[in-house]
Amino acid sequence: MFDPERICRVLVAEDVRFVLVGGLAAVLHGSPLPTVDVDLVPDRSDDNLERLARALTRLDAKLRTERGPVEAPIDAGFLRAMPLMLNLVTDSGDLDLAFEPAGPRVGFEAWDEDAEDMTIGPGIVVRVASLQSVVDSKRAANREKDVRALPYLESLLEELDRSEGDDST
């Protein structure tokens, strides 16, 4: 069962610093394209990785493999050793930790720069990557599913830019 609100609720409750990226970020900006996972860029500080590990334990996270979920001791040391990406299955759906997502931004701080606070559910406020950052990342990843999504996301970006221009006049 995919429940992104619960995933975010647990992360926020554990005080994890992260930025939502990918499809869910696009949805929160108004994209009609469906998403089946939560993608996030976590802060890699030691304290934050400890909090993230606690949240992942609460979510019963397991490694996502082609053969199905695999149990692993997901602690701060394990998370610290991950170079770029960690794909997980939780009791609330798939969760991808992108330590260095594709695109011009590198690391949590760079993604957080133009992120904004958004509400994903009652009392759940999360940092969400700008739509421009999501588009840039999907363009850089150049995966088939991202290439298919780009025309919709670029159109939404243009629409949002136009509406912001209308607000300032």
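Nothing in this text is a laboratory measurement; each read-out follows from the coordinates by a stated rule. These numbers were taken from a predicted model, which means no experiment stands behind them. Positions of Cβ are backbone-derived with ideal geometry, glycine not excepted, and every protein chain shown enters the neighbour counts.
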* To do: Give me the percent of DSSP beta bridges within the chain that run antiparallel, rounded to the nearest 5.
  => 75
* To do: Beta carbons within 10 angstrom, averaged per residue: use that to sort the peptides 9-18, 128-137, highest first.
  => 128-137, 9-18
* Which one is right for this structure if semi-axes √(5λ) of the Cα gyration tensor in Å is calculated from it: (1) 25, 21, 14; (2) 30, 21, 18; (3) 27, 17, 15? -> (3)
